[in-house]
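Reviewing the structure listed below.
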Amino acid sequence: MIEYCLRNVDGAARERLRRRDDTRERVCLDRCGRCYAGPFLVVDGRVETAESHRALLDAVDRP
């Protein structure tokens, strides 16, 4: 399961996430400090960060 904050994800990443069956879009994930610091996703309950959402999604998509 991947959760993401609507305000933290750019349009390209949002489109990519919406094509997946295992995502949940939220207006806010109550992780404001993390949200303001940079790109992040919550993957299976763990906060994952990277330089970009593209890098995060590429890492999640790797087998």
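We did not get these values from a lab; they are worked out from the coordinates using the rules stated. The structure displayed is predicted, hence computed values, not measured ones. Counting neighbours? That spans all protein chains shown, and the Cβs are built from the backbone with ideal geometry, glycine included.
Some values worked out for this structure:
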item	result
Only Lys, Arg (+1) and Asp, Glu (-1) charged, at Cβ; segment 1-45 dipole about Cα centre in debye	120 debye
Summed side-chain charge close to D10 - residues other than D10 whose Cβ falls under 11 Å, Lys, Arg +1, Asp, Glu -1	+3
Estimated inter-spin distance, V43 and A12, nm [label 7 Å along Cα→Cβ]	1.9 nm
DSSP-defined antiparallel bridges as percent of all bridges, segment 2-61, nearest 5	60 percent
Cα gyration tensor of segment 11-63 - equivalent ellipsoid semi-axes, whole Å, descending	17, 13, 11
Relative contact order %, the chain, counting alpha carbon pairs below 8 Å whose residues are six or more apart	36 percent
Label-point separation in nm, M1 to A50, each point 7 Å along Cα→Cβ	2.2 nm
